[in-house]
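Heads up, the thing below is written out as structure tokens.
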Amino acid sequence: MNATTDKTASTASQLSSGARLAGGAQQKLLAFASLIALVIGFSLASPNFFQVSNIMAILQATSVNGVLAVAATAVILTGGIDLSIGTLMTFCAVVAGVVLTWGGLPLPLGLLAAIGAGALVGLASGTFVARMKIPPFIATLGMMLVLKGLSLIITGAKPIYFNDTPGYTEISQGSLIGLVIPALPVPNGVLVLFLVALAMAFVLSRTVLGRYTYALGSNEEAVRLSGVNTNAWKMAVYALAGGICGIAGILISSRLNSAQPALGLGYELDAIAAVVIGGTSLAGGRGTVLGTLIGALIMSVLTNGLRILSVAPEWQTVVTGAIIILAVYADQLRRQRG
Amino acid sequence: MITRRMILGTLSAAALLASTGFSLAQDKMYIPLVSKGFQHQFWQAVKAGADKAAAEFGVEVTFEGPDNETMVDRQIDMLSAALAKKPAAIGFAALDSQAAIPLLKQAEAAKIPVIAFDSGVDSDIPAATAATDNKAAAALAAEKMAALIGDEGEVALVVHDQTSRTGVDRRDGFVEWIAANKPKIQIVAIEYGGGDHLKSTEITKTLLQAHPNLKGIFGSNEGSAIGVANGARESGKKVVIIGYDSGAAQKQAIRDGLMAGAITQNPVGIGYETVKAAVMAAKGEPIVPTIDTGFYFYDKSNIDSPEIAAVLYD
């Protein structure tokens with residue numbers, strides 16, 4: 001996770017967006033091929049796998065992890081890591097519950113509060129990392145625990161239900177697309193995931209913030225020496241990631257019609273696994289949102305398919321772990337050759 | 001500089017403290033409860049029962065437990081910290097009773113009575129055990145399930161975990177009763193969701209996909225049961241759901257008819273009986289070694305009856 005290791009030589013080429021996209025395209029292709037192979041394999045193995053209802057279930061199962069993985073991608077691209085995303089998601093769900101159920105305020109305010117709380121906490125983590133020079137792993141580990149505790153304290157260790165907020169469950173479970181095209185009942189949660197991913201892809205590839213995100217992960221020192229306020233940009237990235245965790249918090253609480261204060265721990269690892277499977281380097285500077293999306297889909301397809309095939313639960317986890325290692329190894333091989 | 005007077009003073013103060021400490025201990029007994037968890041509503045209800053008994057018997061009770069039911073090491077740390085405070089008695093809900101044996105021996109040597117709660121400990125050290133007979137309770141769930149699906153067809157289980165005593169007992173209680181009594185019912189899948197609402201939801205949707213003829217699903221604790229109900233609702237498939245424990249969401253699912261019914265334990269009773277037995281053991285009074293705190297099956301028809309409503313929690 002040290003940004004200034006062995007990449008100084010390649011910084012120039014990595015900073016040129018042409019080279020980055022070419023490398024990215026190849027790595028997405030590999031991940032995408034694995035995804036297709038998995039889908040074909042499971043479809044051949046069981047007639048129950050490739051059906052509209054199951055594909056929708058897989059997409060729905062990807063939504064929360066996918067949104068968290070998009071948040072994690074931004075931070076990992078800077079060469080950092082955010083371990084607090086799982087419990088931050090829960091914290092934001094609790095904030096939404098406090099505003100909507102306890103405060104009785106209108107729905108948009110609750111959503112804004114959740115996203116705003118996420119961004120503020122992200123900004124705090126970013127400050128710890130950028131200004132106070134606490135290693136990201138430690139700063140966000142601390143934040144993970146702080147948030148977990150706060151969620152329990154605020155709620156008194158009891159879930160907050162959204163029964164008084166009509167339409168709250170529709171955010172994740174309803175289907176706007178299904179209203180227009182009845183044959184394609186894509187849940188809104190999936191729509192949200194794709195919008196978030198699209199927005200993040202735009203930020204990363206078309207904005208100054210995106211360019212600095214990659215640059216920070218490639219060679220932070222070089223960026224700083226060229227007169228850029230690296231601290232401010234880094235804090236912005238953590239705040240952006242935090243805001244996205246707020247969206248994940250809305251999705252999961254909408255799905256469960258409740259903010260469950262005890263959930264969240266462990267979700268960060270699934271998200272980071274999706275990022276890594278998608279070809280993003282944990283050392284920073286290299287990776288794409290599309291890759292992450294594919295990584296998250298690979299994980300849900302795998303979990304779903306193994307269950308459909310009635311593979312014993314213990315073996316499901318073994319296989320998932322092995323796939324993560326294989327995916328990253330394949331990526332390493334390709335890069336050594338290239 | 002240390003003078004003789006200071007030493008004498010310290011000694012007499014210590015003696016004074018020791019004597020008042022002793023009388024204090026008799027006035028207000030300290031009884032720590034080391035639980036399997038803390039955050040789930042079930043444990044909050046156990047704690048409420050313990051607090052009620054504490055107020056009634058005039059003792060001081062603390063209640064703590066690890067984040068989830070796999071953290072055996074964390075719980076052992078809590079138990080050893082609790083023992084170090086030399087309590088009058090201790091309540092303990094073992095995650096892994098074998099792992100706790102050395103500490104329980106230590107308690108025995110220090111003459112601190114141990115009351116096991118929620119699930120038993122494979123040892124004769126605890127003076128009493130206040131628990132639900134989980135196997136019998138899950139067998140009752142199986143019996144209700146069989147009746148609701150017409151004694152034949154495919155059934156699946158979503159269990160909270162595969163290592164804890166309650167997870168194993170509820171799974172085995174259900175499976176064994178079906179195997180022994182209803183040969184025409186096949187158990188086609190047993191999945192583990194860690195009691196996580198979202199994971200249990202995804203599991204259920206996949207199960208319904210993988211087994212189109214599934215007629216019933218048993219969710220083995222609050223999180224699992226809510227997950228099963230969510231998954232069935234999202235899939236839009238009709239399936240008989242039997243849950244476990246209560247909580248606002250599960251009660252609502254039963255009222256709405258989404259869930260056929262659930263087993264409830266008596267968590268408040270577990271907490272209350274544990275503290276009561278601990279107080280009696282600390283005073284050297286005789287206690288019953290096995291306190292069955294009971295369980296009930298509830299559905300739409302009896303959810304509001306006083307007997308059931310008293311043991312349900314939100």
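Are there trypsin sites (Lys or Arg not before Pro) in the stretch B:202-248 that DSSP marks as loop and that have at most 11 other Cβ atoms within 10 Å, and which are they?
Here the trypsin sites (Lys or Arg not before Pro) that fit, given the DSSP loop and packing criteria, are B:238.
Taking every residue in A:260-268, how many Cβ atoms of other protein chains lie within 10 Å of its Cβ, on average?
4
Does anyone have the angle between helix B:72-84 and the longest principal axis of chain B? Alpha-carbon axes, 0 to 90°, nearest 10?
The answer is roughly 30 degrees.
How do the peptides B:196-204, A:47-55 rank, highest first, by the average count of neighbouring beta carbon atoms within 10 Å per residue?
Order by mean packing, descending: B:196-204, A:47-55.
How long are the three semi-axes of the equivalent ellipsoid of the protein assembly as shown, in whole Å, if each is the root of 5 times an eigenvalue of the C-alpha gyration tensor, listed from largest down?
45, 35, 22
Between B:282, B:225, B:141, find the one with the highest GNM mean-square fluctuation for chain B; connect C-alpha pairs within less than 10 Å.
In this elastic network of chain B, the residue with the biggest mean-square fluctuation among B:282, B:225, B:141 is B:282.
Give me the one-decimal nm value for the distance between modelled label points at residue B:110 and residue A:183, 7 Å along each residue's Cα-to-Cβ direction.
7.2 nm
Identify which of A:87, A:213, A:165 has the largest mean-square fluctuation in a Gaussian network model of chain A, with springs joining Cα atoms closer than 10 Å.
A:165
What helices in chain A pass both tests, a Cα length along the helix axis of 20 Å or more and a mean Kyte hydropathy of 0.5 or higher, using whole DSSP H runs?
Span-like helices, by this rule, are A:17-45, A:52-77, A:107-130, A:136-155, A:188-206, A:230-256, A:289-308.
With angles folded into 0 to 90 degrees, how steeply does helix B:165-181 sit against the dominant principal axis of chain B? Use alpha carbons for both and round to 10.
In chain B, helix B:165-181 runs at an angle near 40 degrees to the longest axis.
Could you give the length gained on full extension between residue A:199 and residue A:231, defined as 0.36 nm per residue of separation minus the Cα-Cα distance, in nm?
That works out to 9.2 nm of additional length.
Select from the stretch B:107-158 those trypsin sites (Lys or Arg not before Pro) which occupy a DSSP coil region and have at most 15 other Cβ atoms within 10 Å, ordered by residue number.
Sites meeting the loop and neighbour criteria: B:111.
How many lysine pairs in the stretch B:134-265, separated by 8 or more positions in sequence or lying on different chains, have Cα atoms less than 14 Å apart?
For the stretch B:134-265, qualifying lysine pairs total 8.
Taking each residue in A:250-259, count the Cβ atoms of any other chain within 10 Å of its Cβ, then average. What number comes out?
The mean count of partner-chain Cβ atoms within 10 Å per residue comes to 3.
Give the shape of the stretch A:296-338 as rounded, prolate or oblate, defined through the alpha-carbon gyration tensor: a ≥ b ≥ c are the square roots of its eigenvalues, a/c under 1.5 means rounded, and otherwise the shape is prolate if a/b is larger than b/c and oblate if not.
Prolate shape, in that a/c is at least 1.5 and a/b is the bigger ratio.
Pull out a ≥ b ≥ c, the square roots of the eigenvalues of the alpha-carbon gyration tensor of the stretch B:134-265, then state rounded if a/c is under 1.5, prolate if not and a/b is larger than b/c, and oblate in the remaining case.
Judged from the Cα gyration tensor, the stretch B:134-265 comes out rounded (a/c under 1.5).
Sort B:69-82, A:71-84, A:284-297 by packing, meaning the average of other beta carbons within 10 Å per residue, with the highest value first.
A:71-84, A:284-297, B:69-82
What is the spin-label model distance, in nm, from residue B:98 to residue A:332 if the labels are put 7 Å beyond Cα along the C-beta direction?
Going from the residue B:98 label point to the residue A:332 one covers 3.5 nm.
Treat each spin label as a single point 7 Å out from the Cα along the C-beta direction, and report the residue A:209 to residue A:176 distance in nm.
2.0 nm
Just counting partner chain Cβ atoms within 10 Å, what average do the residues of peptide B:205-216 show around their Cβ?
5
Bear in mind these aren't lab numbers, they're just calculated from the coordinates by the rules spelled out. Please read these numbers as outputs of a predicted model, since none were measured by experiment. Neighbour counts are summed over all protein chains in view; Cβ atoms, including those assigned to glycine, are modelled from backbone coordinates with ideal geometry.
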